[in-house]
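For reference, the structure is listed below as structure tokens.
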């Protein structure tokens, strides 16, 4: 049920205080207790599976967008099981708050330790994919952070049903329910209130389309950990294995077209384009993908003109023919978003030059760009893909949601 606009700031103030207090409890809780909450949450997701699917059916019935967008919104028994398994994988990860990150002794005998600590209260704003709420909750609980979740209006019923399972897990482990809260409204004014909630929220993480991320970066008075759109490239080098290139590209584009790790642009070396590009276009046509090329690509295979600055998130692939590695790197520098880029080649020197030459958060050699995913990195889940230059880059898991502080141990030293 939506709230009137006026009480939103008051809700954030009140519940923000509760979140901060709950976060302190969570940060001090033993790792075993935090892990128990995640395992209990996983069990609750399975137990409440039918209710979650019913809630999701309401969201899907109201959906009016593209097939790729619908796929992002849709939950199935298999996807609920994947959510539950993700919570259990996060629970099995090493404690990101354990141990000493570094320790040294100064000439005056002071022992200085750098130790991990949670960031505090996370504000998570996301769209479409309801499983993001479960992933974010798991990563925050594991890393000792409280979180306030604001999902999109298109997934509101699914998000609330999932949150019931997470709350049940926290309660079963004896942790405060305020560790994970969900916005009581999908009113856009709530997002605005989150962005100005200094002193309440310590870090905002937006996960959604370009317009959402741009709005958050433009308006936020709270620090932001954001990712740009996924203008991802797969570059097929002249020394690529053709069979591998076809298989990897088909997966990188078409496994799930609506995820941010999907390849949006194919770069193919001119030396192999005449032989390989018609085969690739035919492969993708069978899978339902439309190719759009630059002038050189269109001279080889008839297709519409490309747009190299659009994140399609659909069964559309832009294609450019390039003259070698430097041209490929130049194209990525002009049109990429520092997200994920891949090279297919049997030449190790060229591969290493490519990986060193891109400025992307994730670079791959002979593998699909769709491996840019916290689960595939062994994080169990992710709260987002960071493409900025500070704090964290790539899939953001529990360890990336910690900061650090110092402990200084003396024996009575005074400063001269």
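The values are calculated or read from the model by the stated rules, or taken from the named source; none is laboratory data. No experiment lies behind these values; they were computed from the predicted model shown. Glycine gets a Cβ as well: all are built from the backbone with ideal geometry, and neighbour counts include every protein chain shown.
Some observations on this one:
- Restricting 50, 32 to residues that are surrounded by fewer than 17 Cβ atoms within 10 Å (Cβ to Cβ), under 24 Å from residue 183 (Cα atoms) and free of Cβ contacts under 8 Å to residues at least 40 places away in the same chain narrows the list to 50.
- Meets criteria (in contact with a helix residue (DSSP H, G or I) (Cβ under 8 Å, 6 or more places away or on another chain) and surrounded by 24 or more Cβ atoms within 10 Å (Cβ to Cβ)) for residue 133: yes
- If only residues of the range 71-83 that are surrounded by 20 or more Cβ atoms within 10 Å (Cβ to Cβ) and under 18 Å from residue 40 (Cα atoms) are counted, the one that is modelled with the highest pLDDT is 80.
- Looking across the range 159-190 at every residue that is buried (at least 24 other Cβ atoms within 10 Å of the Cβ) and within 19 Å of the chain's Cα centre (by Cα), the one that is nearest to residue 118 (Cα to Cα) is identified as 180.
Rundown of residues vs (1) farther than 30 Å from residue 107 by Cα; (2) in a helix (DSSP H, G or I); (3) at pLDDT below 95; (4) in contact with a strand residue (DSSP E or B) (Cβ under 6 Å, 6 or more places away or on another chain), yes/no style:
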position	(1), (2), (3), (4)
354	yes, yes, no, yes
364	yes, no, no, yes
374	yes, no, yes, yes
399	yes, yes, yes, no
411	no, no, no, no
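- Those residues of the range 232-285 which are closer than 20 Å to residue 322 by Cβ and at pLDDT below 95, in sequence order: none
- Residue check for residue 129: at pLDDT below 95 and assigned to a loop (DSSP other than H, G, I, E, B): yes
- Filter pass, residue 381 being over 21 Å from residue 266 (Cβ atoms) and either outside the structural domain of residue 123 (by TED's automatic domain parsing) or outside any helix (DSSP H, G or I) (or both): yes
- Look at (1) assigned to a helix (DSSP H, G or I); (2) within 20 Å of residue 253 (Cβ to Cβ); (3) out of contact with any helix residue (DSSP H, G or I) (no Cβ under 7 Å at 6 or more places or on another chain) and you find that residue 330 fails only one, number (2).
- Test for residue 209: is it under 23 Å from residue 75 (Cα atoms) and within 19 Å of the chain's Cα centre (by Cα): yes
- Within the option set 68, 55, being crowded, with 17+ Cβ neighbours inside 10 Å, assigned by TED's automatic domain parsing to the domain that holds residue 145 and modelled with pLDDT under 95 holds for one residue only, 68.
- Among all positions in the range 342-349, there is at least one residue which is outside any helix (DSSP H, G or I) and closer than 16 Å to residue 260 by Cβ.
A quick yes/no check of all residues on (1) within 30 Å of residue 408 (Cβ to Cβ); (2) assigned by TED's automatic domain parsing to the domain that holds residue 208; (3) modelled with pLDDT of 95 or more:
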position	(1), (2), (3)
104	yes, yes, yes
109	yes, yes, yes
116	yes, yes, yes
142	yes, yes, yes
152	no, yes, no
161	no, yes, yes
164	no, yes, yes
167	no, yes, yes
190	no, yes, no
